[in-house]
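Engineer: A single structure is presented below for examination.
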Ligand SMILES: Cc1cc2nc3c(=O)[nH]c(=O)nc-3n(C[C@H](O)[C@H](O)[C@H](O)COP(=O)(O)OP(=O)(O)OC[C@H]3O[C@@H](n4cnc5c(N)ncnc54)[C@H](O)[C@@H]3O)c2cc1C
């Protein structure tokens, strides 16, 4: 503290820690405001997670109107309202189009580059950062931060320090650590007085111990646009319900609907680690229960000599038919004409809501997104400024915000990155002359 206060000159107006989508956008916004800016990343490339997002095609944003966009952000959406209003998905789309990237909208409002290549998006952002004259350091892990009334010190390995008016922390969460997001910033933020909500996995596959999962009976079967519900033991209503594709794996469920439900699984298990959870899946999404029962009854009448399993296979794959028959306590070899109506009702009930235990999710390292992080209660939503430490700003997944996949997280990263970069520049440039060391 004392050393910092005595230091006469600062190296930069703004230092941005982390070159993911949030940090890249923050660097561009800070430079566009005229701040002398340094962008630091510990990896050898910028935008490593961005480059693998959206199946390697980079889902740059989502074109849904703001209320719908916010409905897809289960992790602290209200906190993000201001940022999303100032620089939301239309601004993100315009930003890329101005940089020469043609975009296209796909299902569920998801926006991709026409090239279908994430590298198009990463490259154009990196080029913009350099073109604006932002200094970039790669392979430089930041190891700590210090704050004083006159500025902040960013610490690197081998006792190297750089002095700045403002710092933007854009170091990401702690999922998929091979992309550089390893939760480094949580201890720095904590040391500067911020509360940290313990990180947890979201947008992550669900695990189950039901027999047909552990025996891989349904492995590889996918259901299109189905309904997946989450229940706690004894509850009459589902805790949550999601629409979308579901894929059975050897450990549980994956696919968009399962990833969306994972937020509610993580939330329930954080509240009560002993909670008993179950999911139910509509295995015949194309038909209502009544339609299916009618169809089965009709087939039983017409093809009464055919086995029940053969008839059921008109609606579901053979492996699914076997599981549904076992779960319903029926013998699939029985000729359908002999199956009582009550048994058919039970079969339909299981087909329209195949129930399985949910024991949790895959671990944080495997999660697409990190829940938890720097508490939003310690960050001003209108500027992304820390409420605890003047000159410090946050953006992206390092904060306790998270969204469903579908371009929503990337939108949050770009939106908060833009606001944090701009606010940090305004803060730095509004202060008395900083006597910057001319190192650019
Ligand atoms: C496989 C995959 C697919 C995804 N698909 C989608 C999708 O389709 N839609 C969607 O909305 N979201 C998706 N996401 C999530 C989205 O990519 C992230 O939410 C987003 O990248 C977060 O941006 P960020 O800038 O906050 O953090 P990150 O992208 O994690 O970037 C953080 C950066 O900080 C750097 N850093 C960390 N610590 C230090 C340090 N000590 N010193 C210096 N630098 C440091 C890291 O090297 C990294 O470059 C996907 C994620 C994954 C893993």
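Engineer: Extension gain residue 224-residue 138, at 0.36 nm per residue separation less the Cα-Cα distance, in nm? Walk me through the intermediate numbers first.
Structural biologist: Working: separation 86, 0.36 × 86 = 30.96 nm, distance 4.25 nm.
That works out to 26.7 nm of additional length.
Engineer: Given Cα pairs under 8 Å that are at least 6 residues apart, what percent is the relative contact order of the chain?
Structural biologist: On the way: 1009 pairs, mean separation 115.2, N = 440.
Averaging sequence separation for qualifying contacts and normalising by length gives 26 percent for the chain.
Engineer: What FRET efficiency, computed as 1/(1 + (r/R0)^6) with R0 = 45 Å and r the Cβ-Cβ distance, is obtained for residue 214 and residue 91, rounded to the nearest 0.05? Write down the numbers at each step before the final one.
Structural biologist: On the way: r = 48 Å, r/R0 = 1.06.
Computed FRET efficiency for residue 214 and residue 91 comes out at 0.40.
Engineer: Relative to the first principal axis of the alpha-carbon coordinates of the chain, what is the inclination of helix 118-131, with its axis defined by its Cα atoms, in degrees from 0 to 90 and to the nearest 10?
Structural biologist: The two axes meet at around 10 degrees.
Engineer: Be a star and scan the range 61-102 for residues whose amide nitrogen sits under 20 Å from the point 7 Å along the Cα-to-Cβ vector of residue 127.
Structural biologist: 61, 92-102
Engineer: Still on this structure, please answer the following. So for the pair residue 276, residue 32, with labels modelled 7 Å out along Cα→Cβ, what separation do we get in nm?
Structural biologist: Reported label-point gap for residue 276 and residue 32 is 5.5 nm.
Engineer: Could you list 104, 236 in order of exposure, starting from the residue whose Cβ has the fewest other Cβ atoms within 10 Å?
Structural biologist: Values: 104 11, 236 5.
Going from sparsest to densest Cβ surroundings: 236, 104.
Engineer: Quick one: which of 396-408, 298-310, 272-284 comes out on top by average Cβ neighbours within 10 Å, and what's the full order, highest first?
Structural biologist: On the way: 396-408: 28.1, 298-310: 15.3, 272-284: 17.2.
Going by the mean number of other Cβ atoms within 10 Å, highest first, we get 396-408, 272-284, 298-310.
Engineer: Which of 214, 361 has the fewest other C-beta atoms within 10 Å, and how do the rest follow up to the most? Provide the component values of the computation, followed by the final result.
Structural biologist: Working: 214 12, 361 26.
So the ranking, lowest neighbour count to highest, is 214, 361.
Engineer: If you don't mind, there's one more thing I want to ask. Stretched out fully, how many nm does the piece from residue 346 to residue 117 gain, at 0.36 nm a residue minus the Cα gap? Each step should come with its number before you reach the end.
Structural biologist: Values: separation 229, 0.36 × 229 = 82.44 nm, distance 4.76 nm.
Full extension from residue 346 to residue 117 adds 77.7 nm.
Engineer: Kindly work out what percent of the DSSP beta bridges joining two residues of the chain are antiparallel, to the nearest 5.
Structural biologist: Details: 46 of 62 bridges.
About 75 percent, rounded to the nearest 5.
Engineer: With a 10 Å Cβ neighbour count serving as the proxy for reagent exposure, in which order, fewest first, do 188, 211 appear? Mind showing how you got there, number by number?
Structural biologist: Values: 188 23, 211 13.
Least crowded to most crowded, the residues run 211, 188.
Engineer: Viscosity 1.002 mPa s, temperature 20 °C: what is the translational diffusion coefficient of the chain from Stokes-Einstein with a Kirkwood Rh over Cα pairs, rounded to a whole number of µm²/s? Write out the running numbers ahead of the final one.
Structural biologist: Working: Rh = 23.6 Å.
My calculation gives 91 µm²/s for D.
Engineer: Mean residue ellipticity at 222 nm from the helices of the chain, using -39,500 (n - 2.57) per DSSP H segment of n ≥ 4 over the full residue count, to the nearest 500 deg cm²/dmol?
Structural biologist: Working: 15 runs with 157 residues, N = 440.
Mean residue ellipticity, 222 nm, calculated: -10500 deg cm²/dmol.
Engineer: Quick one: P(r) of the range 205-361 from all Cα-Cα pairs, 10 Å bins, percents rounded to integers, in order of increasing distance.
Structural biologist: 11, 40, 31, 14, 3, 0
Engineer: Express in nm, to one decimal, how much length is gained between residue 313 and residue 357 on full extension, taking 0.36 nm for each residue of separation and deducting their alpha carbon distance.
Structural biologist: Working: separation 44, 0.36 × 44 = 15.84 nm, distance 2.46 nm.
So the extension gain works out to 13.4 nm.
Throughout, read-outs are computed from the coordinates displayed, never taken from laboratory work. Source: prediction; values computed, not measured. Ideal geometry is used to build each Cβ from the backbone, glycine not excepted, and the neighbour counts take in all protein chains shown.
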